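Some notes on the structure that comes next.
The values are calculated or read from the model by the stated rules, or taken from the named source; none is laboratory data. Everything numeric in this text was worked out from a predicted model, so none of it was measured. Because the Cβ atoms are built from the backbone with ideal geometry, glycine has one as well, and the counts that use them run over all protein chains shown. The area values use the complete protein model at the heavy-atom level, side chains included, leaving out ligands, DNA and RNA. Shrake-Rupley method; radii C 1.70, N 1.55, O 1.52, S 1.80 Å.
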Amino acid sequence: MNKWLQTVGTITVALAVAMLSARADEKVEAVAAPAPAPVAAVETKPAAPEPEQLVIDYNEADIQNVLRTLATKANVNLIMGDEVTGKVTVHLEGVTYEDAMRLICESKGFGYVKDKTAARIKSKESLENEPLEVRVQTLNYAKAADLAKTIEPILTRRGKVQFDVRSNILIIQDTPSNLTRVMPLIEQLDAPTTQVMIEAKFVETTKNPQKDLGINWSQTLLNHALSAGGFSMSKDLSGGPWVPSTALLDAGSAQIVFSFLNQDTDTELLANPRVVTTDNGHAKIAIATEYPIPQFQFSESTGAFQISGFVYKDIGIVLNVTPRINKNEFVTLEVAPEASSQSGVAKLASGSSSVDVPIIDTRQAITTVLIKSGNTLAIGGLMREDTSDKYTKVPILGDIPGIGPLFRSKSLSKIKRDLLIFLTPTIVSGEGQTGYETNIDGFPKKECYTNDKFLPRDNAKPKTGNLKDLVPFTKTPNQNFGPN
C-alpha cells in the first residue's frame, strides 16, 4: 500500500514538473516574437508666437510717470526737462513703446530728440535756444555743393551749412537736437549712384532713284529779249544783202542737253555708340556736323539788324536720353531723338551785306517709356519721301508725231529716307564697363570692301616707284576692294 502511494506521488510530481516546463516554454516564445514596427513620428514645428499686441491706456496720468514707464519698457535712456509737466490721457494699440513716447510728446507740444540710446524731452523753445554745434562731414560719393542745397531747408533758423569744393566736405552748424536728424540723412544721401549703360544703334537708309530722258532745249529757247525800237539794217560796201544788226536767235549760241540716264543711289548709315551715365543723369549722343547760325540784333544807330554772334547747331543724328531707375530693374527713359539735314541756304540781309543761313529739315520725336533693363526699345517711322517730276517741251514741235520726242525731256527723282533707332538700357554697378575697354590701344585694322572687284589695291595712294605699280591694271591685281 505504501509503495502504491509512493508511485502515485512520484507520478504526480512528474506531471507537475512537466506542466511547469510547458508554461516556461510558452513565455520564452512570447518574448522571442518580433516586435511590431514602430510608427514614424510626424515632426511638428512649434507654432510661431503671435506678435504681442501692445495696448497703452492712461487716463489723466502724470506725463513724467507715463514717459518713465514707457522708457523702461523700451529700454531707452531718458532725460526730461523741468518744463515737462502735465496730465495725459491716451489709448494706443499696435505701436511700440518708443513711438508711443514720441506721440505723447508731440501731442503736448514737447520736442522728442533721440540720440543713439538716449532720448531728450524738452520744450521746443528750449531746443531752439540750445548752443550751436559744428559738425564736419566728408562726402564719399555726393557733391558737397549739391547736398548743401538739399539739407539747407531742414536746418533751424540759426543753422547754416557751408561746403569746400576742393576736399568735398560739408560744414554744418546747428543745434545738437537738429543735428541728430540731419547727420543720418546726410549719410543716407551720400551713397553710390547706380549707373545705366545705354547702347544705341542708328540705321538710316537713303534711296535716290533718278531718271533723265529726252532732249532739253531750255538753255537755248529761254530768256531771249526782243527789242521793238532802234531796229536797223546794215550792208557791206563791197556787196551782199542787207542784214539786221540784231537777231532773235543766234545759232552759234544754241545749246541742247541730251539725257538718257537711269541712276540709283542707295546709302546706309550705321552707328553703334555706347555711353554710361548715372541715374537721372543726362546723356547726349551726336553724330552730326556743327553749322554756325547767326544771331541778329537791332542797331538803333543804323536802323537795321546786325549780326551779334553765332550759335552752333548740330545737324545730323542727335539723341538725348535721361534714364531713371525704378524697382524690379525697370528703367524709365526720357528720349528725344532728332535727325536733321541741310536742304538749302537762305540769304539774309544784314545792313549793306548779306549772310547765308542754312535751311534745316528736322525729324524729331520726344517720348517717355518704361523698359526693363537689358531689353531693347525700337523707335521708327522717322521717314521722309521727296518726289520731284520735271518735264520740258518745246511748244508745237514737241507734239508732232515722230519727231516730238526730239523736243521733249523728263527728269524724275525720288528721295526716300528712313531712320531706325534701337536703345538698350542696362543697369550696371560702379565697376561696370561698356565693352570697348579692350580697344584702349586702338581698334583692330580692317580692310574696306565695296562691291566693285575691278578696283586695284590702294588705287588712290601714291606709287612706290616700282615699275609694276605704274601699270594701273595688271593681270592679277592685289585687290583691296571687292567681296571679302
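Can you tell me how many residues within segment 94-123 are in a strand (DSSP E or B) and either under 19 Å from E60 (Cβ atoms) or in contact (Cβ under 8 Å) with a residue 60 or more places away in the chain (or both)?
Result for segment 94-123: 5.
For G381, are the conditions met, namely being out of contact with any strand residue (DSSP E or B) (no Cβ under 6 Å at 6 or more places or on another chain), in a strand (DSSP E or B) and not acidic (D, E)?
Considered against the rule, which asks whether it is out of contact with any strand residue (DSSP E or B) (no Cβ under 6 Å at 6 or more places or on another chain), in a strand (DSSP E or B) and not acidic (D, E), G381 comes out as yes.
Among the candidates L170, L179, which residue alone is part of a helix (DSSP H, G or I) and open to solvent by less than 50 Å² (accessible area, probe 1.4 Å)? Spell out how you get there, then give the answer.
Numbers: L170 fails: part of a helix (DSSP H, G or I).
Of L170, L179, the one residue that is part of a helix (DSSP H, G or I) and open to solvent by less than 50 Å² (accessible area, probe 1.4 Å) is L179.
Output the number of residues of segment 363-380 satisfying the condition of being closer than 17 Å to E338 by Cβ and surrounded by 12 or more Cβ atoms within 10 Å (Cβ to Cβ).
Number satisfying all stated conditions: 6.
In segment 70-84, how many residues are open to solvent by 40 Å² or more (accessible area, probe 1.4 Å) and either out of contact with any strand residue (DSSP E or B) (no Cβ under 8 Å at 6 or more places or on another chain) or farther than 24 Å from E125 by Cβ (or both)?
4
In segment 85-140, what count of residues is obtained for those that are open to solvent by 50 Å² or more (accessible area, probe 1.4 Å), among the β-branched types (V, I, T) and either touching an Asp or Glu at 6+ places or on another chain (Cβ under 7 Å) or under 24 Å from I151 (Cα atoms) (or both)?
4
Within segment 361-418, count every residue that is farther than 18 Å from E334 by Cβ and either of a type in the set (A, V, I, L, M, F, W, C) or in contact (Cβ under 8 Å) with a residue 40 or more places away in the chain (or both).
24
Would you pick out the residues in segment 127-141 that are out of contact with any strand residue (DSSP E or B) (no Cβ under 8 Å at 6 or more places or on another chain) and within 12 Å of R158 (Cα to Cα)? Even if it seems obvious, please write down each step before you answer.
If we filter segment 127-141 for residues that are out of contact with any strand residue (DSSP E or B) (no Cβ under 8 Å at 6 or more places or on another chain), which is where we start, we get 128-131, 140-141.
Matches in segment 127-141: E128, N129, E130, P131.
Somewhere in segment 142-160, is a residue assigned to a strand (DSSP E or B) and touching a strand residue (DSSP E or B) at 6+ places or on another chain (Cβ under 6 Å)?
So the first thing to find is which residues in segment 142-160 are assigned to a strand (DSSP E or B), and the list is 160.
Still in the running and touching a strand residue (DSSP E or B) at 6+ places or on another chain (Cβ under 6 Å): 160.
There is at least one residue in segment 142-160 that is assigned to a strand (DSSP E or B) and touching a strand residue (DSSP E or B) at 6+ places or on another chain (Cβ under 6 Å).
Could you check, for segment 44-54, whether at least one of its residues is of a type in the set (S, T, N, Q) and at pLDDT 55 or above? Walk me through it before giving the result.
Filtering segment 44-54 down to residues of a type in the set (S, T, N, Q) leaves 44, 53.
Still in the running and at pLDDT 55 or above: 53.
Yes, there is a match, as at least one residue in segment 44-54 is of a type in the set (S, T, N, Q) and at pLDDT 55 or above.
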